[in-house]
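Remarks on the structure that follows.
The values are calculated or read from the model by the stated rules, or taken from the named source; none is laboratory data. These figures come from a predicted structure and were not determined experimentally. Glycine also receives a Cβ, built like all others from the backbone with ideal geometry; neighbour counts cover every protein chain displayed. Each accessible area value is taken on the protein alone, full model and side chains, heavy atoms only, with ligands, DNA and RNA left out. Shrake-Rupley method; radii C 1.70, N 1.55, O 1.52, S 1.80 Å.
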Amino acid sequence: MRFASIGSGSEGNGTLIQAPNQPAVLVDCGFSAREALSRMADFGIAAEDIAAILVTHEHTDHIKGVARLANRCRIPVFTTWGTWAAKLNGVLDGALFHMITPHEDFQVAGMKVQPVAVPHDAREPCQFVMEHAGHRLGLLSDVGSVTPHMLDCYADCHALMLECNHDLAMLAEGPYPASLKRRVSGPLGHLNNQQSADMLSQLDQSGLQHLVVAHISQKNNHPDLAVEALLDKGRCSESIIRLATQNSGLDWLSVQATENRS
Ligand SMILES: [Zn+2]
Ligand SMILES: [Zn+2]
């Protein structure tokens, strides 16, 4: 299984995941359809290579190009009823809508997908753990707090894309109005570096091959601060840390077989 980011941050998100000899899956499309196609082309993926779009929630940086890309290229969209009702109802061709619930796994493009209900200020947000041949890739962003359920779901990933949205001090001193600062740092907002590192420290990292720092705020964080927290409080090995950026995302990474996994 391999994955890549076509861009990560508050200006737009998209993650490609592909099992061997299968079409790819796109998780979120926070870019216009045209820009998403251009970005995906940089990773060798065309619209006809996409088996499905999975949508985590209805915020613009995740859903902007979903309906247009899906309608134009006839790509099925998998998302919760709440996300569909918020932004896709009446816009997405109904024949392309596949409703999922955070309580049931589903299969797509050779992978098992486990939706994970998360606390975020959207109608019915969920994040995903993708699994192929015993390899697990966790995608986690847009989360205001870490719940016991999340710790369970992301317990034994081989690769993890983890939101490190803001540094608390930079957010406090930064340009956002007070109400937005409260929203971002609140229990339904986004994870700060320390929260992400603290969550990571509670996970079994023995099989972890890649830790991708994702959804970094360009105004309220610096990659060095996120990495520092992950190394220090998160007890993460420096050699496995990668950065997904807003402009260029992150090139393909493979999740390899390991000995002691089923
Ligand atoms: Zn977001
Ligand atoms: Zn969001």
(request) Among Pro102, Asn13, Leu37, flag the residue with its Cα farthest along the positive direction of the charge dipole of the chain, charges on Cβ as +1 for Lys/Arg and -1 for Asp/Glu. (result) Leu37
(request) Can you send over the carbon and sulfur percentage of the accessible area for the chain, probe radius 1.4 Å, protein chains only? (result) 49
(message) With n ≥ 4 as the cut-off for DSSP H runs, can you work out [θ] at 222 nm for the chain, using -39500 (n - 2.57) per run divided by the number of residues, rounded to the nearest 500?
(response) -6000 deg cm²/dmol
(message) Nothing charged except the Cβ atoms of Lys and Arg (+1) and of Asp and Glu (-1): what's the magnitude of the dipole of the chain about its Cα centre? Round to the nearest 20 debye.
(response) 540
(message) For a quick check of understanding: with a 1.4 angstrom probe and all protein chains in place, what accessible area in square angstrom does Lys181 have, to the nearest ten?
(response) 50
(request) Return the whole-Å distance between the Cα centroid of region 42-73 and the Cα centroid of region 152-230. (result) 25
(request) Specify whether the C-alpha gyration tensor of region 7-118 places it in the rounded, prolate or oblate class, a ≥ b ≥ c being the square roots of the eigenvalues: rounded for a/c under 1.5, otherwise prolate if a/b is larger than b/c and oblate if not. (result) rounded
(message) Give me the one-decimal nm value for the distance between modelled label points at Asp232 and Gln218, 7 Å along each residue's Cα-to-Cβ direction.
(response) 2.7
(request) Would you mind checking which residues have amide H under 5 Å from Ala52's amide H? H placed 1.01 Å from N; only 5 or more apart, or other chain. (result) Leu26
(request) Would you work out which of Ala229, Asn193, Trp84 lies farthest towards the positive end of the dipole of the chain? Charges go on Cβ: Lys and Arg +1, Asp and Glu -1. (result) Trp84
(message) Using 0.36 nm times the number of residues separating Arg183 and Val91, minus their current alpha carbon distance, what extension gain do you get?
(response) 30.3 nm
(request) Have a look at region 2-254 and give its Rg and Dmax from the Cα atoms, expressed in angstrom. (result) 16.8, 49
(request) Give the ranking of Tyr176, Tyr154 by solvent-accessible surface, highest area first, calculated with a 1.4 Å probe. (result) Tyr176, Tyr154
(message) With every protein chain left in place and a probe of 1.4 Å, what is the accessible surface of Ser185, to the nearest 10 Å²?
(response) 50
(request) Round to the nearest 10 and report in Å² the accessible area of Asp198, as given by a 1.4 Å probe over the protein chains' heavy atoms. (result) 60
(message) With every protein chain kept in place and ligands, DNA and RNA left out, what is the accessible area per residue of the chain? Probe 1.4 Å, answer in Å².
(response) 42
